[in-house]
Amino acid sequence: MYQITQYFKFLLKSSNQHGVHSPFVYDLITKCFYDKKKYTDYKKIIGYKKTLKENTNSIKITDLGAGSQVMKQEERVISQMAKNAGSTNKRAKLLYRLSLYFKPENSLELGTSLGIATTALHLGNPDAHITTIEGCPNIAAFSKSNFEKFDFKNIKMITGDFNNEIEKLKANTYDLVFFDGNHKKDATLLYFESLLETAHNDSVFIFDDIYWSKGMTEAWEIIKKHPKVTVTIDTFFWGFVFFRKEQVREDFIIRV
């Protein structure tokens, strides 16, 4: 009920590109968010997901995050995980376009899961380096083998607790960070603060499910007000954060 209520509020407040006076945000919306081109790589993303939805094997789960709101059992069938927990086709395509648009050389993903989002990021910019962290060893091993099977290069898989692994990565610089592994307020804020050190002027942070719960929305509101943040875009399912010092401080609510 919380998500439904918030979605109706979002619809009332949101808009499209009209009235957006920032050239940077306007271009992002019109050339990326609303890009209607049918990219051939979309078929590869759908194909990757199709293999998951046809896989009837089970994986024993070690859940270190907020967990699934649909699937609670310790052993889960891969096809059901792909149906319930994986990125939707619409979101995967948008992530592909974002990778194609921004061309991030170094990306970080918190929460590999079955690798649908990782696949989209990779195909959007195949020469880029992606580091992806997964807390469950069995899921990490499965996704890593899938990346190898599909011959996806430049993807570094890390298995472990996000808190521990982020500490080891703080000396790096990332052009794009996708937060999709722990939908809890305190954890989200901790990861955000920790990874601020890895951001530069043109980095983008993308937060998944900012209306997952009241706590996640509270985390999003706190992130928006951070002094290093200049521009945010709320698309309901994702929250985008930019650090561009040349930008006027502004928050956008955009239908995608």
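The values are calculated or read from the model by the stated rules, or taken from the named source; none is laboratory data. Quantities reported herein were computed from a predicted structural model and do not represent experimental measurements. In this analysis, Cβ positions are derived from the backbone assuming ideal geometry, glycine residues included, and neighbour counts consider all displayed protein chains. Calculation scope for accessible area: heavy atoms of the full protein, side chains included, ligands and nucleic acids excluded. Shrake-Rupley method; radii C 1.70, N 1.55, O 1.52, S 1.80 Å.
Taking each residue of region 239-256 that is farther than 18 Å from PHE207 by Cβ and looking for partners that are among the β-branched types (Val, Ile, Thr) and open to solvent by less than 40 Å² (accessible area, probe 1.4 Å) with beta-carbon atoms closer than 8 Å, six or more apart or interchain, yields LYS245/THR230; GLN247/THR230; GLN247/VAL231; VAL248/THR230; ARG249/THR230; ARG249/VAL231.
Annotation: TYR39 fulfils all but one of (1) surrounded by 11 or more Cβ atoms within 10 Å (Cβ to Cβ); (2) modelled with pLDDT under 95; the unmet one is (2). Within region 46-57, not a single residue is among the aromatic types (Phe, Trp, Tyr) and either in a loop (DSSP other than H, G, I, E, B) or surrounded by fewer than 17 Cβ atoms within 10 Å (Cβ to Cβ) (or both). Contact annotation: residue pairs with Cβ atoms under 8 Å, 6 or more positions apart or on different chains, pairing a residue in region 5-31 that is within 16 Å of PHE102 (Cβ to Cβ) with a partner that is at pLDDT 95 or above and assigned to a helix (DSSP H, G or I), are LEU28/TYR101; LYS31/TYR101. Counting only helices (runs of 4 or more DSSP H) that sit completely within region 127-234, zero hold 3 or more residues that are surrounded by 19 or more Cβ atoms within 10 Å (Cβ to Cβ) and of a type in the set (Ser, Thr, Tyr). Scanning region 7-29 for residues that are over 20 Å from the mean Cα position of the chain (by Cα) and assigned to a helix (DSSP H, G or I) yields a total of 9.
Taking first residues from region 170-184 that are under 14 Å from ILE130 (Cβ atoms) and partners that are open to solvent by less than 20 Å² (accessible area, probe 1.4 Å) and part of a loop (DSSP other than H, G, I, E, B), the Cβ contacts under 6 Å between residues at least 6 apart in sequence or on separate chains come to ASP175/PRO104; ASP175/SER203; LEU176/PRO104; ASP180/GLY111.
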